[in-house]
1. Might you check whether a residue that is under 24 Å from residue 229 (Cβ atoms) and either surrounded by fewer than 19 Cβ atoms within 10 Å (Cβ to Cβ) or not assigned by TED's automatic domain parsing to the domain that holds residue 204 (or both) occurs anywhere in region 67-80?
2. Are there any pairs with C-beta distances below 7 angstrom linking a residue in region 83-100 that is open to solvent by 40 Å² or more (accessible area, probe 1.4 Å) to a residue that is within 12 Å of the ligand (Cβ to nearest atom) and among the small types (Gly, Ala, Ser), with the two at least 6 apart or on different chains, and if so which?
3. Restricting attention to region 1-22, which residues are within 18 Å of residue 106 (Cβ to Cβ) and either at pLDDT below 95 or not in a strand (DSSP E or B) (or both)?
4. Filter region 163-187 down to the residues that are away from the ligand (no atom under 16 Å from the Cβ) and buried (at least 17 other Cβ atoms within 10 Å of the Cβ) and list them by number.
5. Restricting the search to region 95-107, which residues are out of contact with any Phe, Trp or Tyr (no Cβ under 7 Å at 6 or more places or on another chain), more than 8 Å from the ligand (Cβ to nearest atom) and of a type in the set (A, V, I, L, M, F, W, C)?
6. For residues that are open to solvent by less than 50 Å² (accessible area, probe 1.4 Å) and at pLDDT below 85, tally how many sit in region 140-160.
7. Is one or more of the residues making up region 347-362 in the same structural domain as residue 423 (by TED's automatic domain parsing), in contact with a Leu (Cβ under 6 Å, 6 or more places away or on another chain) and not aliphatic (A, V, I, L, M)?
8. How many of the residues in region 311-354 are of a type in the set (S, T, N, Q) and in contact (Cβ under 8 Å) with a residue 60 or more places away in the chain?
Amino acid sequence: MNTTTRVYLVGAGPGDSGLITLKGKRCLQRAEVVLYDRLCNPALLGDVAPAAEQIYVGKNMGNHALPQEQINALLVERARAGKVVVRLKGGDPFVFGRGGEEIDTLAAAGIPYEVVPGVTAGFAAGAYAGIPLTHRDFTTSVTLVTGHVNTRKDPQRDINWAALALSDSTLVFYMGLTNIATICTRLIDHGRAADTPVAVVSNASTPKQRTLIATLADAAQEVECQAVTSPAVILIGEVVRLHERLDWFQRSLPAPEEEPGTVALKTSVNAAEKGRQRTNILIFTGNGKGKSTAAFGMALRAVGHDQRVRIIQFMKNDADVGELGALERLNIPVEQCGLGFVPKPDHHLYTAHCEAAEKGLARAEEAILAGGDDLIILDELCGAVARGLLAEQRVIDLLRRAPAGLTVVLTGRRASSALIEIADTVSEIQPVKHALEQGIPARKGVEF
Ligand code: SAH
């Protein structure tokens, strides 16, 4: 190692601490200052001398612990103070790691630096999911693409979808989980076959690794249904078909039952089946129209898969709504445990509303613990909590006791932060305009 070097930009690898290079490890042992990211395995810091300064500069998408300029400034400042500085970055520093920007600053400041490559997440995902990124029978190239595209901000930097769609390259999307629907749609629109296989590999190379196998047509839906969490890379291309045969890593992990409360570790073709192995909580909240409607849409989806659905409504008592007739035809039991418009707490009828909500919660408890349903919709429950009809903590305690495999949907305005915290998926429906405000009365089949 060069004694004049002040800053080492080191790739930490994707997760498994054994995937750092020998040179990277030696840099950590020599370091007097280490600046490290969120995606670096903390076990790697075990190599750092106790006296060394360790600075967490972790970044989350859109949520920077330290702005990039401050990281750059820290590197320069510590290096100028004569320290050996290691800038440890997840994966490879030059793959979507802003490593270029960091050394640009060092170069401008005349600070000697070295770059130590690392195993990038996409390569680790391929290796650990048994998906060779190139294979003579399937493809001749690999393309690493950012899935974090904000074309509204910067239309010039939009991805060349046509080129990606028409090549036979294996595509590896980083930071793409939240945009997966757009990614898949764009590729299909530009000519990639809708049945092109897709693998979403999360937490690659760690004991929490999961691989979801889908197609361009249904990957977004499967990601949502299985509540796949980041970090994840999306691998797209014919090579994904090899996963079934070549998967070695997840097969070696303990069976899902051995990790209570977590999502199945080994996930394969039957994605929906695996998704049922934990409680899945969804919330539709916000001030716009469509929260209960969205929940009823989920009921349709579930019934289509022969799942059992039950609906318990809080606050509502309206018998003249179209959904009641439809739900009856679909054999979905609906219990209305509300009294309609809720008055202020000092009103003499308020207690009656509390009692009705209590009855609803007792019914919800029975239904949830009985374990006979696949999907339970607790319509307007968030609103009932927000209006003080029910104690938030009791709802949370009940949701915590819900059996694995059950999906619970809560709707209603002003979902509390604790409810949002416990949920897996939360959508906020924002009003843009509403016909009622323009004097158009509520219409059959639209508002009720
Ligand atoms: N420099 C890093 C990439 C940083 S961008 C590298 O070379 O790997 C962050 C993105 O990397 C995440 O959004 C995710 O897409 C991917 N990623 C990082 N670690 C991952 C892991 N263990 N499993 C799957 N994807 C990962």
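1. No, there is no match, as no residue in region 67-80 is under 24 Å from residue 229 (Cβ atoms) and either surrounded by fewer than 19 Cβ atoms within 10 Å (Cβ to Cβ) or not assigned by TED's automatic domain parsing to the domain that holds residue 204 (or both).
2. Sorted first by the residue in region 83-100, then by its partner, the pairs are 94/100.
3. Selection gives 1, 2, 3, 4, 5, 6.
4. 164, 165, 169, 186, 187 - these are the residues of region 163-187 that are away from the ligand (no atom under 16 Å from the Cβ) and buried (at least 17 other Cβ atoms within 10 Å of the Cβ).
5. 107
6. So the count comes out to 2.
7. yes
8. Here the count works out to 1.
The values are calculated or read from the model by the stated rules, or taken from the named source; none is laboratory data. No experiment lies behind these values; they were computed from the predicted model shown. Reconstructed Cβ throughout: ideal geometry from the backbone, glycine too, with neighbour counts over all protein chains shown. These area figures cover heavy atoms from the full protein model, side chains too; ligands, DNA and RNA do not enter into them. Shrake-Rupley method; radii C 1.70, N 1.55, O 1.52, S 1.80 Å.
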